[in-house]
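The values are calculated or read from the model by the stated rules, or taken from the named source; none is laboratory data. Remember, it's a predicted structure, so these values are computed and weren't measured experimentally. Cβ placement follows ideal geometry from the backbone for every residue including glycine, while neighbour counts extend to all protein chains displayed. We work out accessible area using only protein heavy atoms, side chains counted, and drop any ligands, DNA or RNA first. Shrake-Rupley method; radii C 1.70, N 1.55, O 1.52, S 1.80 Å.
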Amino acid sequence: MTVQLSQEDVNFIENELSYVDKVSLIFLLYGQRNPQYALQILNVSGRMLSDETSFLVDWTNYERSTSWEDELLEALTILEQNLLLLRAGFDDDELRSKYFPQTAEIALHVHPILKGLYQFCERLEDKTTLQLIKQLKQHLGNASVPQDCLEIVLLHLISNETIILGSRASGKECDLVALTAACKSAELYDESDFLKGISQHYNSAVKAEQQVQSDASSKNYPSVVQQPVDVVEALTKMVVTKTKTSTLECYEFDPQRAGIMLLVNQFRFYRETNPELVHMIPSKALKDRKGTEVDKNALVQLFTDLGYEIILEENITHHQIVQAVQHAVQRIRPAHCSLVVGLLSHGQEGIVYGSNSVPVEVKSIQHLMASERLTGKPKLLIVQACQGSDLQSAVPVPTYERDSLDSDDRTASVFMDFLVAWSTVPGFASIRHVEKGSWFIQELCTKLRQLYKSEQIMDILTSVINDVSSKRGYGNECMVPIIQSTLSKRLYFRKQES
């Protein structure tokens, strides 16, 4: 990134931020270093943070490390201050590709747990925030906190060590038990699972890095011991030194116990009449999805042949989609190798629709799939739905349809051993032939059948992306699938040779 932040840029950014965003920025920048000082800034300034302040300038002057600019840019990207950064001369797409703002487990300069806690706060509505703060008051002692600002509450809990962020450099694990317990007491079970996921991911990384340093010390690798923070580089050197022929491990897979494949196929839609839900349905009625029967048949036959037990659900409501995923997860047994969920429906960016036209966030489905039952097992989510309405051309296509409406929601894969295959990139429509099925699903099934005996899933999907992106509609329409993966091993849909 060629643009550099100047003192004037920092002043400009700080004074353009709202009070709420300033609180979040203080939380991300000071939460690890000095939560007490962060609280002092907030206590002294109070609502004056909505006016001209200098805390960010003070931070840049105090923080002498060479990475301060990256840390600030990452924090602002996490806060989705895209327009502000654009006005400061930065490229939005470049920032997103560099810092992965929507992926909770990936943080390059901001402390990963602080990023996760910020996203945790963003997940909550005002009512649930108040419920959670009420549950957390027992850990606050005599501290006076705003009734509506969970980040300030969390700063207090970090300061009194009720919450422990952890440190990879010193091998200290994080501890979010009190916060997780408060979520359960407030019946915020999805949020409790989210916290559990980010803490387990962080602590696993801490343990792995400590093991690397321990192994390096015992084998007399002084560079690793002298520079414990750069564990990734040290690990790379160790692997190269140990052997130049080692390969990435493979997930265990046996067609006799492949696992569960849940397929949700939506082809008819109606408009929900429940007054508590009608505000969620789109203004434009959702059309029937002609051609999805072809996709359903291809997927059912393919995954049956690969050894999966198929659960097929069709034309189910948003609530039934959630229930179906929960049921599929509960069907997983220790001997099973994996879980596959396929969603064929109308959609917007980050959501799919139930048959009642009520949306379900794809990330909520991922959270359900990230169960302890599937720890270490690959979890595949296949989404044939639009992530927007834009096409490469506005020319009508007689035999093609789009599974889309507009949306501002965003999602990302957020747990280990996950692979999410989207039929199209965010913001664009997904093309489906009314007689032959969708480009993406048909190409996916074809390539898997052709290549599964010799190729691993990521290479197969690369071939799918290449072929789908080369297709053109009658009006020169095109589309590009997108794959989001946290797979840590190679996945072959065949029994491994002993």
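A few notes on this one:
- Counted residues, segment 149-183 - those being small (Gly, Ala, Ser) and within 15 Å of Phe120 (Cα to Cα): 3
- Residues of segment 276-285 include none that is within 30 Å of Tyr452 (Cα to Cα) and in contact with a Phe, Trp or Tyr (Cβ under 9 Å, 6 or more places away or on another chain).
- Looking across Arg410, Arg402, one residue alone is over 18 Å from the mean Cα position of the chain (by Cα), modelled with pLDDT under 55 and not hydroxyl-bearing (Ser, Thr, Tyr). It is Arg402.
- Evaluating Val360 against the criteria (1) outside any helix (DSSP H, G or I); (2) more than 25 Å from the chain's Cα centre (by Cα) leaves one unmet condition, (2).
- Residues being open to solvent by 20 Å² or more (accessible area, probe 1.4 Å) and assigned to a helix (DSSP H, G or I) are entirely absent from segment 22-30.
- Residue tally, condition at pLDDT 80 or above, under 13 Å from the mean Cα position of the chain (by Cα) and surrounded by fewer than 21 Cβ atoms within 10 Å (Cβ to Cβ), over segment 77-134: 2
- Looking only at segment 295-331, residues that are in a strand (DSSP E or B) and touching a helix residue (DSSP H, G or I) at 6+ places or on another chain (Cβ under 7 Å) come to 4 in all.
- The single residue among Ala298, Ala335, Ala328 that is touching an Asp or Glu at 6+ places or on another chain (Cβ under 9 Å) and among the aliphatic types (A, V, I, L, M) turns out to be Ala335.
- So Lys127, is it in contact (Cβ under 8 Å) with a residue 40 or more places away in the chain, out of contact with any helix residue (DSSP H, G or I) (no Cβ under 8 Å at 6 or more places or on another chain), over 20 Å from Tyr30 (Cβ atoms) and not β-branched (Val, Ile, Thr): no
- Check on Phe269, buried (at least 18 other Cβ atoms within 10 Å of the Cβ) and within 16 Å of Val360 (Cα to Cα): yes
- Any chance Gly291 is within 28 Å of the chain's Cα centre (by Cα) and closer than 19 Å to Val383 by Cβ: no
- Applying a threshold of 8 Å to beta carbon distances and a minimum spacing of six or more residues, or different chains, the list of pairs starting in segment 95-106 at a residue that is of a type in the set (Lys, Arg) and ending at one that is assigned to a helix (DSSP H, G or I) and open to solvent by 20 Å² or more (accessible area, probe 1.4 Å) is empty.
- The residue that is nearest to Ala421 (Cα to Cα), among those in segment 272-312 that are among the basic types (Lys, Arg) and surrounded by fewer than 19 Cβ atoms within 10 Å (Cβ to Cβ), is Lys290.
- Test: Glu173 is acidic (Asp, Glu), closer than 28 Å to Tyr19 by Cβ and open to solvent by 30 Å² or more (accessible area, probe 1.4 Å): no
- Annotation note: Cβ proximity below 6 Å between a residue of segment 441-464 that is closer than 26 Å to Asn265 by Cβ and a residue that is open to solvent by 50 Å² or more (accessible area, probe 1.4 Å) (sequence gap 6+ or interchain) occurs for no pair.
- Segment 80-122: number of residues that are of a type in the set (A, V, I, L, M) and under 27 Å from Lys172 (Cα atoms): 8
- Cross-chain or 6+ apart pairs with Cβ under 6 Å, segment 334-353 first and more than 13 Å from Ile365 (Cα to Cα) and in contact (Cβ under 8 Å) with a residue 24 or more places away in the chain, then open to solvent by less than 10 Å² (accessible area, probe 1.4 Å) and acidic (Asp, Glu): Leu344/Asp295; His346/Asp403; Gly347/Asp403
- Leading residue by the ranking (modelled with the highest pLDDT) among those in segment 144-180 that are more than 23 Å from the chain's Cα centre (by Cα) and over 22 Å from Tyr37 (Cβ atoms): Ala178
- Set side by side, the residues Lys436, Lys447 differ, and just one is modelled with pLDDT under 90, among the charged types (D, E, K, R) and under 15 Å from Lys471 (Cβ atoms), which is Lys436.
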